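This report concerns only the one structure given below.
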Amino acid sequence: MRRTTTIHAVVGAVLAGLLAIAGGQVPVAQSAGQPYIAMISKGFQHQFWQAVKLGAFQAAKENNVRVTFEGPESESQVDKQIEMLQAAIDRKPSAIAIAALDSKAVIPLLERAHAQHIPVIGFDSGVDSNIPVTTAATNNVAAAALAADKMAALIGDEGEIALVVHDQTSRTGIDRRDGFVNQIKAKHPKITIDDIQYGGGDHLKSADLAKAIMLSHPRLKGFFGSNEGSAIGVLDAVTELKKQGKIVIVGYDSGKAQIDAIRSGVMAGAITQNPIGIGYKSVQAAVMVLKGQSVPKIIDTGFFWYDKTNIDNKQIAALLYQ
């Protein structure tokens with residue numbers, strides 16, 4: 001993805017500007033004959049989605065297409081996302097890109113889009129349907145398995161751990177949970193998973209759940225937070241209960257709080273995706289489909305483990321967002 005290299009150098013400044021756009025709404029007016037791609041994300045409360053949006057808008061500019069990018073205020077608002085998808089279909093776009101909060105709930109509307117010959121592109125999170133022409137996403141099962149291996153090494157390959165996961169309905173929530181849990185069970189038999197809780201990606205709810213787990217399991221040695229909100233919630237809980245240095249935290253995604261915690265050593269490390277690449281490749285794939293070109297069923301956008309030893313590596317730094 002060479003064309004996005006220069007974007008990474010200015011991502012921080014551009015993201016700050018994007019955050020000023022209220023609600024993420026973009027006018028849908030377009031030039032005559034200009035393809036229009038409607039993108040519905042899982043939310044807007046995390047910097048991750050602003051980075052995805054940045055990549056999508058860059059691809060739109062380069063390919064002379066119109067893109068709107070919106071999502072509900074919270075990643076727990078499945079009904080709100082469904083309403084947004086319904087409204088997007090009513091606008092009769094050239095193509096739709098969706099990061100589904102519920103991998104099953106969106107299917108009836110995707111069937112409607114398909115019946116109207118509107119191509120559907122999945123991004124970040126797939127759906128339980130063959131309707132999407134392609135899905136641009138991280139291999140979340142493999143990424144979470146790597147997180148499990150890192151956790152195991154950090155706690156001496158034995159002891160009690162727990163998970164705070166963002167949800168159990170989206171493909172990302174399911175795959176990250178199962179990728180982590182199954183790797184622990186298959187490769188690290190001396191590690192016990194005490195609890196798995198779902199915080200909706202909300203910092204406060206995730207922190208409350210993490211505190212309850214720590215109080216119920218005093219011998220807990222580690223936490224896996226499955227997305228930015230989950231990981232920050234765990235971080236806040238560990239800090240509040242003064243368990244820094246006693247409980248290993250492994251996160252997912254980035255954001256300033258996680259980056260600072262990794263630099264200070266309070267968080268051991270995290271998986272970073274390629275959010276700019278997810279947005280960019282989603283729009284790029286939609287353009288290819290509209291031109292009648294073939295695309296692979298899955299576009300793997302990659303992932304990396306980062307900690308304080310490699311956080312300033314150029315390859316890693318380009319994928320992190322504040």
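Details
- Within the set I259, I213, I299, the sole residue that is more than 14 Å from the chain's Cα centre (by Cα), β-branched (V, I, T), surrounded by fewer than 24 Cβ atoms within 10 Å (Cβ to Cβ) and farther than 22 Å from D178 by Cα turns out to be I259.
So that you can scan it fast, the table gives a plain yes or no per residue for (1) assigned to a loop (DSSP other than H, G, I, E, B); (2) at pLDDT 95 or above; (3) not assigned by TED's automatic domain parsing to the domain that holds I96:
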| residue | (1), (2), (3) |
| --- | --- |
| V26 | yes, no, no |
| A29 | yes, no, no |
| F44 | yes, no, no |
| Q50 | no, no, no |
| G55 | no, yes, no |
| K61 | no, yes, no |
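- Residues located in region 211-242, provided they are of a type in the set (A, V, I, L, M, F, W, C) and in a helix (DSSP H, G or I): A212, I213, M214, L215, A231, I232, V234, L235, A237, V238
- Any chance I311 is surrounded by 21 or more Cβ atoms within 10 Å (Cβ to Cβ) and either over 17 Å from the mean Cα position of the chain (by Cα) or closer than 29 Å to K61 by Cα (or both): no
- With respect to being over 22 Å from the mean Cα position of the chain (by Cα) and surrounded by 24 or more Cβ atoms within 10 Å (Cβ to Cβ), V238 fits the description.
- Yes/no for K80 being outside the structural domain of D178 (by TED's automatic domain parsing) and without any contact (Cβ under 8 Å) to a residue 12 or more places away in the chain: yes
- Region 253-282, residues that are touching a Phe, Trp or Tyr at 6+ places or on another chain (Cβ under 8 Å), hydroxyl-bearing (S, T, Y) and more than 24 Å from I121 (Cα to Cα): S254
- Of the criteria (1) modelled with pLDDT of 95 or more; (2) out of contact with any strand residue (DSSP E or B) (no Cβ under 8 Å at 6 or more places or on another chain); (3) buried (at least 17 other Cβ atoms within 10 Å of the Cβ), which one Q244 fails: (3)
- Just one residue in the set V250, V266 is touching a residue at least 60 places away in the same chain (Cβ under 8 Å) and among the aliphatic types (A, V, I, L, M); that residue is V250.
- Residue count for region 84-99 satisfying the condition of being within 21 Å of the chain's Cα centre (by Cα) and more than 21 Å from A60 (Cα to Cα): 0.
- Exactly one residue out of I196, I213, I184 is touching a Leu at 6+ places or on another chain (Cβ under 6 Å) and more than 15 Å from A268 (Cα to Cα), and it is I196.
- Residue among Q116, Q45, Q34 that is surrounded by fewer than 21 Cβ atoms within 10 Å (Cβ to Cβ) and within 20 Å of the chain's Cα centre (by Cα): Q45
- So Q81, is it modelled with pLDDT of 95 or more, among the polar types (S, T, N, Q), surrounded by fewer than 21 Cβ atoms within 10 Å (Cβ to Cβ) and not in a loop (DSSP other than H, G, I, E, B): no
- Search result, residues across region 97-109 that are closer than 12 Å to I40 by Cα and surrounded by fewer than 24 Cβ atoms within 10 Å (Cβ to Cβ): none
- Residue count for region 93-108, restricted to those that are in contact with a Gly (Cβ under 7 Å, 6 or more places away or on another chain) and either farther than 21 Å from S76 by Cβ or part of a strand (DSSP E or B) (or both): 1.
- From E111, E73, residue being acidic (D, E), part of a loop (DSSP other than H, G, I, E, B) and more than 22 Å from G179 (Cβ to Cβ): E73
- V250 being in a helix (DSSP H, G or I) and in contact with a strand residue (DSSP E or B) (Cβ under 9 Å, 6 or more places away or on another chain): no
The values are calculated or read from the model by the stated rules, or taken from the named source; none is laboratory data. All values derive from a computational prediction rather than experimental measurement. Neighbour counts run over all protein chains shown; Cβ positions are idealised from the backbone, glycine included.
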